[in-house]
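Worksheet: the structure to be examined is printed underneath.
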Amino acid sequence: MLTGAGLSAESGLGTFRDKDGLWTRYDLNEVATPEGFAKNPKLVHEFYNARRANSLDAQPNAAHAALARLQRARPDRVTLITQNVDDLLERAGAPDVIHMHGALTGALCASCGHRWPAPRVMDPDSPCPACARPATRPDIVWFGEMPYHMGRIEAALQGADLFVAIGTSGNVYPAAGFVQEAGLAGAQTLELNLEPSATVSLFDDVRFGSATAIIPAWVAEVLDDRG
Ligand code: APR
């Protein structure tokens with residue numbers, strides 16, 4: 001299963017490419033690339049401090065709760081991959097979430113690679129707890145960087161019976177290519193989204209609607225079918 005910003009939209013966190021989306025208000029080159037961070041680490045920290053505050057103040061919605069329920073019911077069968085950097089799935093009770101684009105709750109030292117739980121507010125002058133250099137950054141995967149956990153993700157795609165994409169526009173790779181990889185490996189593919197994604201034609205089945213409407217209903221079907 002792959003989730004995107006549409007999963008957290010109804011928790012008030014907004015999306016990237018919808019009307020008023022984040023990338024309509026910020027230049028992603030300035031706030032979501034290593035070059036942007038090198039040029040203006042203060043701006044980048046301010047951007048992620050605001051997103052971290054929004055995320056920590058947000059509540060999981062019924063779609064997060066449904067996916068958490070599904071993974072708890074089938075821990076050996078459900079791989080939850082998210083492009084989102086919020087922790088709403090974890091706070092809804094999901095036991096194992098793969099954050100391929102990193103997480104706002106994580107901090108990383110750009111100098112020594114040390115990782116630690118991010119404070120609510122990060123500052124470019126704060127010293128790394130391990131090497132003391134002022135090189136702290138949010139532990140977020142920026143454009144041009146390699147997403148995390150790709151080995152585990154590839155293995156899950158190769159072994160999947162069913163690949164479900166939820167709340168993602170299918171614009172950013174490698175995530176947007178997962179449907180093809182899973183399909184070629186023999187999985188059935190399903191898109192659950194508010195509107196057709198850029199890759200909708202690659203899915204065997206699609207259902208449209210808001211996440212809090214269609215995800216709980218779909219999870220109930222899956223669990224009730226199998227008891
Ligand atoms: N319920 C379900 N889907 C929704 C809802 C909702 N309430 N609201 C919006 N959507 C859908 C939109 O139709 C769109 O297809 O969620 C998708 C959001 O798309 P994007 O804003 O592009 O977000 P996402 O696909 O997660 O972006 C992928 O791009 O900028 C990078 O790293 C960033 O992880 C992000 C990646």
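Some points to look at:
- Residue check, HIS149 surrounded by fewer than 18 Cβ atoms within 10 Å (Cβ to Cβ), farther than 19 Å from THR15 by Cβ, out of contact with any Lys or Arg (no Cβ under 9 Å at 6 or more places or on another chain) and touching a residue at least 40 places away in the same chain (Cβ under 8 Å): yes
- From the options GLU221, GLU191, GLU195, residue that is surrounded by fewer than 18 Cβ atoms within 10 Å (Cβ to Cβ) and touching a Phe, Trp or Tyr at 6+ places or on another chain (Cβ under 7 Å): GLU195
- Where a residue in segment 152-171 is more than 9 Å from the ligand (Cβ to nearest atom) and its partner, wherever it lies, is assigned to a helix (DSSP H, G or I) and open to solvent by 40 Å² or more (accessible area, probe 1.4 Å), with Cβ under 7 Å and at least six apart: LEU157/GLU181
- For segment 16-57, residues that are in contact with a Phe, Trp or Tyr (Cβ under 9 Å, 6 or more places away or on another chain) and in a loop (DSSP other than H, G, I, E, B) total 5.
- The residue that is nearest to the ligand (Cβ to nearest atom), among those in segment 70-89 that are in a loop (DSSP other than H, G, I, E, B) and not acidic (Asp, Glu), is GLN83.
- Condition met for ALA94 (assigned to a loop (DSSP other than H, G, I, E, B) and either among the acidic types (Asp, Glu) or buried (at least 21 other Cβ atoms within 10 Å of the Cβ) (or both)): yes
- Taking the criterion of being among the aromatic types (Phe, Trp, Tyr) and either open to solvent by less than 60 Å² (accessible area, probe 1.4 Å) or within 22 Å of ALA62 (Cβ to Cβ) (or both), the residues of segment 155-188 that qualify are PHE163, PHE178.
- In segment 90-145, the residues that are within 21 Å of GLU35 (Cα to Cα), more than 16 Å from the ligand (Cβ to nearest atom) and of a type in the set (Val, Ile, Thr): THR136
- Annotation: of all residues in segment 9-42 being open to solvent by less than 50 Å² (accessible area, probe 1.4 Å) and more than 9 Å from the ligand (Cβ to nearest atom), the one that is nearest to the chain's Cα centre (by Cα) is LEU13.
- Boolean, ALA50 is within 19 Å of GLU10 (Cα to Cα), open to solvent by 20 Å² or more (accessible area, probe 1.4 Å), without any contact (Cβ under 8 Å) to a residue 12 or more places away in the chain and within 16 Å of the ligand (Cβ to nearest atom): yes
- Inside segment 100-137, residues that are assigned to a loop (DSSP other than H, G, I, E, B) and polar (S, T, N, Q) make up a count of 2.
- Members of segment 63-89 found to be charged (D, E, K, R) and buried (at least 19 other Cβ atoms within 10 Å of the Cβ), listed by number: ASP86, ASP87
The values are calculated or read from the model by the stated rules, or taken from the named source; none is laboratory data. Everything numeric here is computed off the predicted structure, so don't read it as measured data. Quick reminder, even Gly has a Cβ in these numbers, built from the backbone with ideal geometry, and neighbours come from all protein chains shown. Note: accessible area is taken over every heavy atom of the protein model, side chains too, but ligands, DNA and RNA are not part of it. Shrake-Rupley method; radii C 1.70, N 1.55, O 1.52, S 1.80 Å.
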